[in-house]
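What follows is a single structure, written as structure tokens, with notes after it.
The values are calculated or read from the model by the stated rules, or taken from the named source; none is laboratory data. Note that this is a predicted model, so its numbers are computed, not measured. All Cβ positions, glycine included, derive from the backbone under ideal geometry; neighbour counts span all protein chains shown. Note: areas computed on protein heavy atoms with side chains; ligands, DNA, RNA excluded. Shrake-Rupley method; radii C 1.70, N 1.55, O 1.52, S 1.80 Å.
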Amino acid sequence: MTEPLRLLITSVGSLVATNLFEGLDRLGRDRFFVAGTSTVSEAAGNYACDAVVRVPLTLDRANWAQALVQWGEETRPDLWIPTRDDDVSALAHLVADVRLPRRALVGTPAVADLIGDKWLSYRFAVEHGLPVAPSAHAFESALALAEQYGYPMIVKPCRGYGTRGTRLVFDAGQLARVFETGGSWIAQPFLNPAPGWDAELPDPSLGMPLWYSYRDPGQYAVVSVVGPTGQVELIGATLNTMICGRPERSVRAIDPLLAQLGSDYAHALADAGWRGSVNVQCRRLPDGQYVMFELAGRLAGGLCGREALGLAEVWQTLEAWCPGRIPQPEPVPADVGTVAIKESRTVTLSASDIHTFETSGRWHRCC
Ligand SMILES: Nc1ncnc2c1ncn2[C@@H]1O[C@H](COP(=O)(O)OP(=O)(O)O)[C@@H](O)[C@H]1O
Ligand SMILES: [Mg+2]
């Protein structure tokens with residue numbers, strides 16, 4: 001057996017890490033040594049690693065960076081993989097500041113910061129002539145957009161994730177109040193919702209349901225990888241149904257227009273200094289054109305849906321960065337399912353593993 005490929009994966013309790021572990025299983029888990037970082041003890045991802053260390057919250061940048069550098073020295077990864085938006089930015093800054101000798105799936109801090117901020121992403125797209133959802137960053141310009149496109153508008157925190165803080169606003173009063181809360185918001189027209197989407201809205205005259213989620217079957221994601229020298233490889237695209245901010249159902253989206261858009265974004269970002277994953281989330285307009293509404297500079301929650309449908313996203317990403325280390329997986333048979341559905345599964349964790357992690361801040365798999 002050849003030496004395992006050594007990966008340092010941040011935030012292994014995240015949903016993206018769960019997807020990545022599934023991808024590593026497909027490629028043969030024993031081909032990898034996974035060193036994880038985590039802030040929580042009861043996360044299945046911790047104990048899917050070969051070794052995991054507790055680190056400070058990413059927001060505590062200086063201490064997080066120190067912990068990461070130390071973990072990197074101990075575990076000598078061939079590749080560092082961030083799994084959350086905050087980690088992408090923090091890792092890009094860390095790589096730039098301390099010039100980590102080993103490879104990390106990030107580009108320059110400036111591009112990390114623009115990918116992580118929806119308004120800066122919009123500005124980047126406009127400057128590069130790339131198709132993007134019309135957007136506003138202040139109440140007056142949001143109002144002008146609403147007059148042009150009508151209500152509802154969708155208003156999102158510029159640095160949000162997982163649909164947290166995102167809201168539909170139905171009139172100018174609501175729009176004004178969102179902007180008055182302070183913070184950094186981006187408003188966009190509500191593009192191409194599913195027919196009958198509003199029939200599912202809760203009726204506020206009947207009180208507030210404890211749980212409600214808008215269901216969005218219209219999210220296209222087109223993904224690429226930018227290798228360490230800036231070469232771009234398109235991986236492919238899916239159409240996802242989003243429920244509670246998660247892609248719960250995916251089908252392949254094979255359309256040259258969408259592929260072109262994904263490739264154009266990846267090239268523009270690579271030219272600006274990005275390296276690693278590029279995930280372009282889009283909506284399809286009634287005329288068949290696509291517009292980007294959000295970027296991610298990392299592997300994303302739709303990863304397993306894409307892999308289950310035959311795209312080799314994990315392998316292509318690893319191959320771009322650590323060529324020749326992992327054999328190419330067999331092509332997926334022609335009768336592969338055409339719809340990928342996420343179903344939750346139950347895992348048990350060992351009390352003694354949790355105790356070890358809690359008391360020592362570390363856990364290692366026994367041989
Ligand atoms: N302009 C838009 N038109 C229609 N739906 C949108 C639009 N922007 C976002 N959405 C919906 O809101 C969700 C969250 O928005 P997104 O920009 O992806 O932010 P984040 O993932 O950071 O929370 C998307 O997954 C999509 O379902
Ligand atoms: Mg999103």
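Okay, here's what the table says:
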| read-out | value |
| --- | --- |
| Condition broken by SER41, with the remaining ones in (1) more than 19 Å from TRP321 (Cα to Cα); (2) polar (S, T, N, Q); (3) modelled with pLDDT under 95 satisfied | (3) |
| Matching residues in the range 164-177 - criterion: being within 14 Å of ligand 2 (Cβ to nearest atom) and open to solvent by 40 Å² or more (accessible area, probe 1.4 Å) | ARG164, THR166 |
| Qualifying positions in the range 296-348 - touching a Phe, Trp or Tyr at 6+ places or on another chain (Cβ under 8 Å) and in contact (Cβ under 8 Å) with a residue 40 or more places away in the chain | GLY297, ILE326, PRO329 |
| Scope the range 137-163; condition open to solvent by 20 Å² or more (accessible area, probe 1.4 Å), under 27 Å from ARG246 (Cα atoms) and touching a helix residue (DSSP H, G or I) at 6+ places or on another chain (Cβ under 6 Å); matching residues | HIS137, TYR161 |
| Tally, over the range 161-201, of residues that are in contact (Cβ under 8 Å) with a residue 40 or more places away in the chain, of a type in the set (Gly, Ala, Ser) and farther than 19 Å from LEU285 by Cα | 2 |
| One residue from VAL34, VAL16 being assigned to a helix (DSSP H, G or I) and either open to solvent by less than 50 Å² (accessible area, probe 1.4 Å) or of a type in the set (Phe, Trp, Tyr) (or both) | VAL16 |
| Any hit, the range 227-242, residues being closer than 22 Å to PRO157 by Cα, of a type in the set (S, T, N, Q) and open to solvent by 20 Å² or more (accessible area, probe 1.4 Å) | no |
| Residue in the range 282-294 that is open to solvent by less than 30 Å² (accessible area, probe 1.4 Å) and free of Cβ contacts under 8 Å to residues at least 60 places away in the same chain present | yes |
| Members of the range 179-225 that are among the acidic types (Asp, Glu) and either surrounded by 10 or more Cβ atoms within 10 Å (Cβ to Cβ) or in a helix (DSSP H, G or I) (or both) | GLU180, ASP198, GLU200, ASP216 |
| Tabulated pairs, the range 243-261, first within 16 Å of ligand 2 (Cβ to nearest atom), second of a type in the set (Lys, Arg), C-beta under 6 angstrom, 6+ apart or interchain | ILE243/ARG215; GLU248/LYS342 |
| Criterion (open to solvent by less than 90 Å² (accessible area, probe 1.4 Å), closer than 29 Å to ALA110 by Cα and more than 16 Å from ligand 2 (Cβ to nearest atom)) met by exactly one of ALA320, ALA300 | ALA320 |
| Subset of the range 37-52 (residues that are part of a strand (DSSP E or B) and crowded, with 21+ Cβ neighbours inside 10 Å) | THR37, SER38, VAL52 |
| Filter pass, ASP264 being within 16 Å of ligand 1 (Cβ to nearest atom) and over 19 Å from VAL88 (Cβ atoms) | no |
| Criterion: more than 16 Å from ligand 2 (Cβ to nearest atom), at pLDDT below 95 and within 21 Å of ASP255 (Cα to Cα) - qualifying residue of GLU307, GLU313 | GLU307 |
| Qualifying residues in the range 226-237 (those that are assigned to a strand (DSSP E or B) and touching a Phe, Trp or Tyr at 6+ places or on another chain (Cβ under 8 Å)) - the one farthest from ligand 2 (Cβ to nearest atom) | VAL226 |
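Residue by residue, here is whether (1) in contact with a helix residue (DSSP H, G or I) (Cβ under 9 Å, 6 or more places away or on another chain); (2) within 13 Å of ligand 1 (Cβ to nearest atom); (3) of a type in the set (A, V, I, L, M, F, W, C) holds:
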position	(1), (2), (3)
GLY183	no, no, no
ALA187	yes, yes, yes
LEU191	yes, yes, yes
ALA199	no, no, yes
PRO204	no, no, no
PRO209	no, no, no
TYR214	yes, yes, no
ALA221	yes, yes, yes
